[in-house]
Amino acid sequence: MRFRPFLTVAVLLAFLGANASPSPTPGASAPTLFVDGVRVPIEPPPILVGGRVYVPLQRTLDALGIPFRLRNGVLHARFGAHRVTLKLGESQAMLDGSAVSFGAPPVVRDFTTYVPLRFVGAVLGAQAHYDAKARTIAIVGSSVGETGSGFVLSASGRGVREGSVSALDVLSSPKTITLLFGGSAHTITLHDSVRVELHDVATNVVRPGTLGDVLPGDFVRVDLGKKGRGTEIHDDFGVRAGRVAAVAGGEFVLEDGHVIVPDRTTQWLLDGAPASFAQVRPGDDATIRYNVESNEILQVVLSDRHDPLAPSGGIASIATDPTTPLRAGQLLRVTMRGTPGGLASFDIGGLVHDVGMREERPGYYGGSLRIGDAVSIARSPVIVTLMVGAQRSVARGATLVSASSVPPGIGRVGPGPGSIVSSTTPAIYATFLPDAVGVDPRSATLIVDGRDVTSETIRSARFIHFIPEIAYSGLVHVTVRVADFAGNVATRSWSFTVRP
């Protein structure tokens, strides 16, 4: 696997899951998990129950790069052309509509759902082996999703073609997209009014997009119309942003612990210009886009923080307004002072290109960009280009731009929606998933049965957590609100039942 999620331990992890579970084998140390030969530190770790090996369900799917969602006690996962549905508590899953048994039902321990290791092989199709002597679990995930043709029928009976984008031709008429699946290539003619939906799997944020947002290497599903033309493109990809903590051995580590392992096909941009791995330095801001099926690193956009302002040639200074994160509808204004009588434009990292700037008075240039409904910019630099005759000057502004048109996601919540718990003072929590703009922990509020309990919670940019001091019984209603630093607000409500 080329993208290795290095899952960090947080206080919140102690509270994730349900109520009770069988006890693990006493005195047994946790097995070590290897995926495709790489040690994957996951928390909580695998356990042994009654001589059977169990792995944490959601963490294992994360490690294999399999998109999933858990709703009302039912897990839905997708890999390749296959669909999996698992009702928690049952010892069989539905794979493409057919029942597949994996020996024993999931168990719950310390609020975490575990499945037998056999689930990984029988249902997901990966090779999975437990070495009792070495106390290691080895999973070969490279074959996951590689079966089938990449063509399935939707619920409406229409065709759906899946695969990684090999090529996208937007200049031909009609436009075409070529997908690779299982070693085979399929070229699809696109409808003139094809719709594009972008899904950042890492943050679980869905937003509208354009064909220009679809990158080679993305894993997409193309809905086919009556004549086989693509009418909708659902683009699943992952984006992770952070600051580079260390660089060594052909890979680099972000400050949150994620290890990024690029390869020769990875596209590199540094301050908007083509770059290479050799230019990565600790302290750089990095935005990584990866394929959610293969975990292949598709693109790394770097911003060099070591020299925040580097005027060259005819550019003397660059300023942006505002300097705070932006949301949809807001205006970013960029001004530049330089040699008069030129033509100027600005880019934002490798994401926004050639925004025109007008010379408003001699030597002073200005341009504006209105944040649209499909924008996601994470700490990217403003790059200004000035052409005066044959002289070309390029410089980078001191302010990094962040903008998002969507609110942060509210991920796992607990107790789960519709669940029944025995504790009269259950831990109530929600996890937050930012888009390009970070979550403002001060904005998080928690309402339980109509009472604002925010002052009694623990809040961070990743979660809000509350342990009540009063006893609850019956149906309990919960509402969580949170905003990012751009002012995008997300709200989620659910309920659970306390039955002592």
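The values are calculated or read from the model by the stated rules, or taken from the named source; none is laboratory data. Quick caveat, the model's predicted, so the values are computed rather than measured. Heads up, the Cβs are rebuilt from the backbone with ideal geometry, glycines too, and the neighbour counts pull from every protein chain shown.
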Lone qualifier among 27, 65 - being surrounded by 19 or more Cβ atoms within 10 Å (Cβ to Cβ) and either of a type in the set (A, V, I, L, M) or at pLDDT below 80 (or both): 65
Could you look through the range 431-468, keep only residues that are among the charged types (D, E, K, R) and modelled with pLDDT of 90 or more, and pick out the one that is nearest to residue 494 (Cα to Cα)? 449
Within the range 413-500, considering only strands (runs of 3 or more DSSP E) that don't extend past its boundaries, which have at least 1 residues that are more than 23 Å from residue 70 (Cβ to Cβ)? 439-448, 474-484, 489-498
Any idea which of (1) basic (Lys, Arg); (2) closer than 23 Å to residue 240 by Cβ; (3) free of Cβ contacts under 8 Å to residues at least 12 places away in the same chain is the one residue 451 doesn't satisfy? (2)
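Do you know which residues across the range 476-500 are surrounded by fewer than 18 Cβ atoms within 10 Å (Cβ to Cβ), of a type outside the set (Gly, Ala, Ser) and farther than 13 Å from residue 426 by Cβ?
Here is the first cut: in the range 476-500, the ones surrounded by fewer than 18 Cβ atoms within 10 Å (Cβ to Cβ) are 477, 479, 487, 489, 491-493, 495, 497, 499-500.
Checking the rest, the ones that are also of a type outside the set (Gly, Ala, Ser) come to 477, 479, 489, 491-492, 497, 499-500.
477, 479, 489, 491, 492 - these are the residues of the range 476-500 that are surrounded by fewer than 18 Cβ atoms within 10 Å (Cβ to Cβ), of a type outside the set (Gly, Ala, Ser) and farther than 13 Å from residue 426 by Cβ.
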Residue check for residue 378: touching a residue at least 60 places away in the same chain (Cβ under 8 Å) and either surrounded by fewer than 22 Cβ atoms within 10 Å (Cβ to Cβ) or part of a strand (DSSP E or B) (or both): yes
If a residue has to be crowded, with 20+ Cβ neighbours inside 10 Å and at pLDDT 90 or above to count, how many in the range 301-319 make the cut? 2
Any idea how many residues of the range 79-110 are surrounded by fewer than 20 Cβ atoms within 10 Å (Cβ to Cβ), under 26 Å from the mean Cα position of the chain (by Cα) and not aliphatic (A, V, I, L, M)? 6
Filter the range 333-375 down to residues that are buried (at least 16 other Cβ atoms within 10 Å of the Cβ), hydroxyl-bearing (Ser, Thr, Tyr) and under 32 Å from the mean Cα position of the chain (by Cα), then give me how many there are. 1
Suppose we filter the range 331-354 for residues that are among the hydrophobic types (A, V, I, L, M, F, W, C), under 17 Å from residue 213 (Cα atoms) and in a strand (DSSP E or B); how many remain? 2
Looking only at the range 386-408, and only at residues there that are in contact with a Lys or Arg (Cβ under 7 Å, 6 or more places away or on another chain) and not hydrophobic (A, V, I, L, M, F, W, C), the one that is surrounded by the most Cβ atoms within 10 Å (Cβ to Cβ): 404
Would you mind finding the one in 392, 442 that is out of contact with any Pro (no Cβ under 6 Å at 6 or more places or on another chain) and farther than 16 Å from residue 315 by Cβ? 442
Checked 354, 435 against criteria (in the same structural domain as residue 482 (by TED's automatic domain parsing) and within 26 Å of residue 274 (Cα to Cα)); the one match is 435
In the list 200, 235, which residue meets the criterion of being surrounded by 14 or more Cβ atoms within 10 Å (Cβ to Cβ), under 21 Å from residue 290 (Cβ atoms) and either among the aliphatic types (A, V, I, L, M) or at pLDDT 80 or above (or both)? 235
Condition check: assigned to a strand (DSSP E or B), under 28 Å from residue 401 (Cβ atoms) and either modelled with pLDDT under 80 or touching a Pro at 6+ places or on another chain (Cβ under 7 Å) (or both). Does residue 245 satisfy that? yes
Residue check, residue 422 free of Cβ contacts under 8 Å to residues at least 12 places away in the same chain, exposed (fewer than 14 other Cβ atoms within 10 Å of the Cβ), polar (S, T, N, Q) and not assigned by TED's automatic domain parsing to the domain that holds residue 377: no
Scanning the range 45-54 residue by residue, those part of a loop (DSSP other than H, G, I, E, B) and buried (at least 19 other Cβ atoms within 10 Å of the Cβ) turn out to be 46
Does the range 210-223 include one or more residues that are buried (at least 21 other Cβ atoms within 10 Å of the Cβ), in contact with a Leu (Cβ under 8 Å, 6 or more places away or on another chain) and charged (D, E, K, R)? yes
